[in-house]
């Protein structure tokens, strides 16, 4: 029993660490959805695909990480009659952050019996070009064909992330599901909903 507690604490600490240094996460929930009805899931056949007719390596990483997150909350895979259908979208956008040149004015003051002027200084401006990545996960009530929950992670994509895509995807999905407040077959919130 002690080992189980230690494992649970370790998992929670890992998830919190991933969230504190990870992406910005936003969630939305259908306030009238009865989450006690949901115990199984499957992916939309077209999940994560736009024009491709085949699965991608990134898509497989996402599906594995999402499946693990849902299974950890007690949901079971059911490809025939799932309660929840899962879709996901990924997007990368090149962005720029511009900091203009800033002049900090001089100082003119009274010192030791005389007025003295102190020169100002200039902070050079810069342009920061970076890639921003977004992962969005949709959970849809299969019978009602209605979205019940959505989680989105947004963050800067670094070279380290590109070099370790498996870990990067696991961290992003852990951050998103760190804000998913339900377990299978229950309406009881197990994770406090952030305001």
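For this structure, a couple of remarks:
- Label sites at residue 101 and residue 45, each approximated as a point 7 angstrom past Cα along Cα to Cβ, lie 6.0 nm apart.
- Extension reserve of the residue 188-residue 81 stretch, reckoned as 0.36 nm per residue once the Cα distance is removed: 36.1 nm
- Computed from label points 7 Å out along Cα-Cβ, the spacing between residue 127 and residue 56 is 2.7 nm.
Where a number appears in this text, it was derived from the coordinates with a stated rule and is not lab data. Note that the structure is predicted; figures quoted are calculated from it, not measured. Using ideal geometry, Cβ is built from the backbone for each residue, glycine included, and neighbour counts are taken over all protein chains shown.
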